[in-house]
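Report on the structure given below.
Read-outs: derived from the displayed coordinates by stated rules, not from any lab. None of these values were measured; they are calculated from a predicted model. Here the Cβ positions follow ideal geometry from the backbone for every residue, glycine too, while neighbour counts run over all protein chains shown.
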Amino acid sequence: MLNISQGYKILVVICLWMINILPAFIIHLFSYVTFLLALILCLSYNGELKRHLYGQR
């Protein structure tokens with residue numbers, strides 16, 4: 001058995017945990033960005049729709 005210090009073990013565990021959580025984080029970030037983009041498009045379309053309905057240019 002290798003004699004590895006406690007700090008090194010903690011560092012390895014943190015690195016493995018970050019590698020493990022990275023795909024989920026990327027997917028979460030992508031879904032958040034997509035949600036914001038859809039919200040912005042919806043709001044801008046809503047403004048265009050109101051302009052067409054009420055004839056305000």
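Results, tabulated for the structure shown:
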| item | result |
| --- | --- |
| Degrees, to the nearest 10: 6-54 long Cα axis against longest axis of the chain | 0 |
| Efficiency of FRET between Ala24 and Tyr45 - r from beta-carbon atoms, R0 25 angstrom, step 0.05 | 0.20 |
| Gyration tensor over alpha-carbon atoms, the chain, equivalent ellipsoid semi-axes in Å | 53, 7, 4 |
| Fully extended contour minus Cα-Cα distance, from Val33 to Val13, at 0.36 nm per residue | 4.2 nm |
